[in-house]
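The following block contains the structure, expressed as structure tokens.
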């Protein structure tokens, strides 16, 4: 019995190693990051209107995971639910040092993005390097009341030709 379990463990660990391998290296990417400037909740009211919404603030975190190589964030464009460009968060490309983080902030009062807002983030580096970790932390804190937070993660996309 012990031998059978040991063999199963070796097989499972052996087959898991490719998935546990380091991610690919890159010299740049275009990333899509979902953002929610508000969250719908509750029930629709009787007259068919939309349910209530809660505004959230959003901290966008662009983390360089390289131990040695800086990356350059070329742009961070913020779009609304209907795909309208609302704001370019960077006036010029910004270097993020090895193991450094670039933070962008969407204020709680900013509702124009809507529940389907997003960032398109473009980055590059001079050499092949680890992919950055790009996340958005959404928060609503009511002092003395309920609070919630959640995280969304970026995913690579291809530029349309």
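Please enumerate the residues belonging to the range 53-73 that are over 19 Å from residue 149 (Cβ atoms) and over 16 Å from the mean Cα position of the chain (by Cα). Don't jump to the end; show me each part of the working.
Taking the range 53-73 first, the residues over 19 Å from residue 149 (Cβ atoms) are 64-73.
66, 67, 68, 69, 70, 71, 72, listed by residue number.
With the structure loaded, tell me whether residue 103 is under 16 Å from residue 31 (Cβ atoms), at pLDDT 95 or above and exposed (fewer than 14 other Cβ atoms within 10 Å of the Cβ) or whether it fails that test.
Details: under 16 Å from residue 31 (Cβ atoms): yes; at pLDDT 95 or above: yes; exposed (fewer than 14 other Cβ atoms within 10 Å of the Cβ): yes.
Taking the combined requirement at face value, the residue satisfies it.
Then there is this: Restricting to strands (runs of 3 or more DSSP E) lying wholly in the range 41-101: which have 3 or more residues that are closer than 22 Å to residue 118 by Cβ and without any contact (Cβ under 8 Å) to a residue 60 or more places away in the chain?
71-79, 85-88
The values are calculated or read from the model by the stated rules, or taken from the named source; none is laboratory data. Note that the coordinates shown come from a computational prediction; the quantities given were computed from them, not determined experimentally. Don't worry about glycine lacking a Cβ; one is built from the backbone with ideal geometry, like all the others, and counts go over all protein chains shown.
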